[in-house]
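Structure first, then comments.
The values are calculated or read from the model by the stated rules, or taken from the named source; none is laboratory data. Values in this document were obtained by computation on a predicted structure and should not be read as measured data. Using ideal geometry, Cβ is built from the backbone for each residue, glycine included, and neighbour counts are taken over all protein chains shown.
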Amino acid sequence: MPEGLIPVLPKNYRRIALFPIEASVRPAVLMDRHQIDDFSESGRASRKRGFVLAVVFEVRDGSTPILGFHDHPNQMWVAAGYRSLAEHCAAEGWLRIQGPAS
């Protein structure tokens, strides 16, 4: 895992993704290197249509990475600068923080 990332184990992919999107000034969501804009249940940002099939997923605020995964959703990370986001999501039961930032 690259430096400055907090490893997390997701429990609710959709809520984990939507929370930073709603809080971002310039949200950008990339899934398998394609930007997505449909965050509805029928869009790619849903468990059935996208998360479990995606290889690369990242939520950014402009060009600043917030969270994502590479290879599998269980390898999700939150950028160290967004620790409060990880803690909020953990408190809501959407993820489990697996360790300190690397």
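A few remarks follow.
- Of all residues in the range 1-34, exactly one satisfies the criterion of being surrounded by fewer than 16 Cβ atoms within 10 Å (Cβ to Cβ) and among the β-branched types (Val, Ile, Thr), namely 25.
- Failed criterion for residue 43 (all others in (1) modelled with pLDDT under 85; (2) part of a helix (DSSP H, G or I) hold): (2)
- Residue pairs whose Cβ atoms lie under 6 Å apart, separated by 6 or more positions or on different chains, with the first residue in the range 56-79 and under 15 Å from residue 9 (Cβ atoms) and touching a residue at least 24 places away in the same chain (Cβ under 8 Å) and the second of a type in the set (Val, Ile, Thr) and not in a helix (DSSP H, G or I), are 67/59; 67/78; 76/8; 78/6; 78/8.
- When the residues of the range 75-102 are filtered to those that are small (Gly, Ala, Ser) and part of a helix (DSSP H, G or I), the one that is nearest to the chain's Cα centre (by Cα) is 86.
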